[in-house]
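The structure appears below as structure tokens.
The values are calculated or read from the model by the stated rules, or taken from the named source; none is laboratory data. The model shown is predicted, which means the values in this text are computed figures rather than measured ones. Here the Cβ positions follow ideal geometry from the backbone for every residue, glycine too, while neighbour counts run over all protein chains shown. Surface accessibility is based on the protein's heavy atoms, side chains included, excluding ligands, DNA and RNA. Shrake-Rupley method; radii C 1.70, N 1.55, O 1.52, S 1.80 Å.
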Amino acid sequence: MYQQEKGKHKLTISAHSRLHLTLLAMHNGEYRINGGLGFAIADPSCELMSTRATDFSITDQRAIPLVDNELERLVTLLQAEQKRRDLPVATEIIINGNMHAHSGFGSGSAISLACLEALHRLNGSIPSPTELVDASGRGGTSGVGIHSYFSGGCVFDLGRTTDNNAHAPSHQVTASRPLLLDQLPMPDWEIGICMPLTILHKSQADERAFFERTCPLPAEAVYETLYHSLFGLYAAIREADRATFCHALRAVQACAWKKAERLEYGTALIEIEQALYANGAEAVGMSSLGPSLFFLADNVAEIVNQMRLARPDCEWLLTRPANHGRELTDA
């Protein structure tokens, strides 16, 4: 439930990206649909600077920002929450950071939650994570982003009960939230990040169209994905077994759902992946619907430096898992 504290005048929230390894039950399931596996990473990240105001405004100063209609929807979300909770003060928000929008990092969920949290805290209220998630309307397809926002680490969820509704991306789903199976710390593995700058990302309309033409998958294809995710990726995280994690990550890329996501970008993305393997990557994955890639290796830093020279059309980062959630700083 809500707690009350003295209202702040300025607040900064720093939120981490999440890598979404794969969705799971994308078929006409008997029991549950969707489900997902992923984990938070330290970088890229975004920073929301919020101040008390009489009217709402959101400015996105990132290199790849939210478009105008998405910012308008965020303002509408905040206005609705202000009215529902009778919060007297609005907020002005400025978004910065290197977490690109629509690039596979979960920025939509992170920013929605951070905006709502800022609104409440500037009004002196401290809502629970569940209340913020419910207000955001996010997480209907996968629970990875909504859980990792608050506490980081790896998230494995079992989707939601089959309800005869079509599969859809999280921003379009208003059904019950996914059932959390486990949330656990990630091993401290070095991870390389590739953000292609010349490959067009998918809009929300593109995402909806992709779900409509790809789902439902055959049940057998889902069983294969679930095997590699549960017995491969999840077990390897539990046992801090990087070699098995890499083996399973490569296998998931060839499974029906992730393969369909990857094919959306054709040879442009495959060429980057091939260059990563040629330079020593052990496993390369695409986060969510991409187009960002991530990879593991013995020498991640060296590969990042090599790829910065070989592929200046991409932004390259060296990062690690984040086993903690967003950070709040009062000005």
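Residues of the range 1-134: accessible area per residue at 1.4 Å, in Å²?
41 Å²
Just reorder ILE94, ILE199, ILE111 by solvent-accessible area, largest first, 1.4 Å probe, all chains present.
ILE94, ILE199, ILE111
Taking 0.36 nm per intervening residue step and subtracting the Cα-Cα distance, what contour gain separates ALA254 from ASP55 on full extension?
66.8 nm
Which residues does a label at SER151 reach in the range 121-136, if reach means a backbone N under 16 Å from a point 7 Å past the Cα toward the Cβ?
128-133
Return the calculated 222 nm mean residue ellipticity for the chain, to the nearest 500 deg cm²/dmol, obtained by summing -39500 (n - 2.57) across DSSP H runs with n ≥ 4 and dividing by the residue count.
On the way: 11 runs with 118 residues, N = 331.
Computed ellipticity for the chain at 222 nm equals -10500 deg cm²/dmol.
Give me the percent of DSSP beta bridges within the chain that run antiparallel, rounded to the nearest 5.
Values: 52 of 56 bridges.
Among the beta bridges of the chain, antiparallel pairing accounts for roughly 95 percent.
Of all the accessible heavy-atom surface of the chain, with the other protein chains kept in place and a 1.4 Å probe, what percent is carbon and sulfur?
51 percent
Just report the Cα centroid separation between the range 91-168 and the range 267-331, whole Å.
Taking the Cα centre of the range 267-331 as reference, the centre of the range 91-168 is 23 Å away.
Would you tell me the accessible area of ILE126, worked out with a 1.4 angstrom probe on the heavy atoms of the protein chains, in Å² to the nearest 10?
The accessible area comes out at roughly 40 Å².
Would you kindly find the accessible area of ILE33, with a 1.4 Å probe and non-protein molecules such as ligands, DNA and RNA excluded, rounding to the nearest 10 Å²?
About 10 Å², ignoring ligands and nucleic acids.
Choose one of ALA256, ALA268, SER292: the residue whose Cα lies farthest towards the positive end of the charge dipole of the range 246-299 (beta-carbon charges +1 Lys, Arg; -1 Asp, Glu; about the Cα centre).
ALA256
Assuming R0 = 30 Å, what is the FRET efficiency of THR198 and ASP163, from their Cβ-Cβ distance, to the nearest 0.05?
0.15
Can you give the relative contact order of the chain as a percent, counting alpha carbon pairs under 8 Å and 6+ residues apart?
26 percent
At a 1.4 Å probe radius, which order do ASP298, ASP157 fall into by accessible area, largest first?
I get ASP298, ASP157, largest accessible area first.
Can you tell which of LEU289, LEU197, LEU116 shows the greatest fluctuation in a Gaussian network model of the chain with Cα springs below 10 Å?
Looking only at LEU289, LEU197, LEU116, the biggest GNM fluctuation is shown by LEU197.
Would you work out which of SER57, MET99, SER148 lies farthest towards the positive end of the dipole of the chain, given +1 charges on the beta-carbon of Lys and Arg and -1 on that of Asp and Glu, about the Cα centre?
Result: SER57.
For the range 22-91, state which GluC sites (Glu not before Pro) are in a DSSP loop and have at most 16 other beta carbons lying within 10 Å of their beta carbon.
GLU30
Can you tell which of PRO321, PRO196, PRO129 shows the greatest fluctuation in a Gaussian network model of the chain with Cα springs below 10 Å?
So, out of PRO321, PRO196, PRO129, the one fluctuating most is PRO129.
Using the crude model of +1 on Lys and Arg Cβ and -1 on Asp and Glu Cβ, and no other charge, please compute the dipole size for the chain relative to its Cα centre, in debye to 20. List each step's numbers first, then the result.
On the way: 28 positive and 38 negative charges, 93 e Å.
Computed charge dipole of the chain: roughly 440 debye.
How far, in nm, would the chain grow between ALA301 and ILE126 when pulled straight, counting 0.36 nm per residue and subtracting the alpha carbon separation?
Residue separation times 0.36 nm, minus the Cα-Cα distance, leaves 59.0 nm.
What net charge do the residues around SER109 carry, taking every other residue with its C-beta under 9 Å from that of SER109, with Lys and Arg at +1 and Asp and Glu at -1?
+2
Leaving ligands, DNA and RNA out of it, rank GLU302, GLU220 by accessible area with a 1.4 Å probe, largest first.
The most accessible residue leads, giving GLU220, GLU302.
List the relative contact order of the range 166-263 as a percent without decimals, with contacts defined as Cα pairs under 8 Å and 6+ residues apart.
The normalised contact order for the range 166-263 reaches 31 percent.
For ARG311, what is the net charge nearby, where nearby means another residue's Cβ is under 12 Å from its Cβ and Lys, Arg count +1, Asp, Glu -1?
For residues surrounding ARG311, the net value is -3.
Suppose R0 equals 22 Å. What FRET efficiency, 1/(1 + (r/R0)^6) with r the Cβ-Cβ distance, do ASP68 and ASP330 give to the nearest 0.05?
0.15
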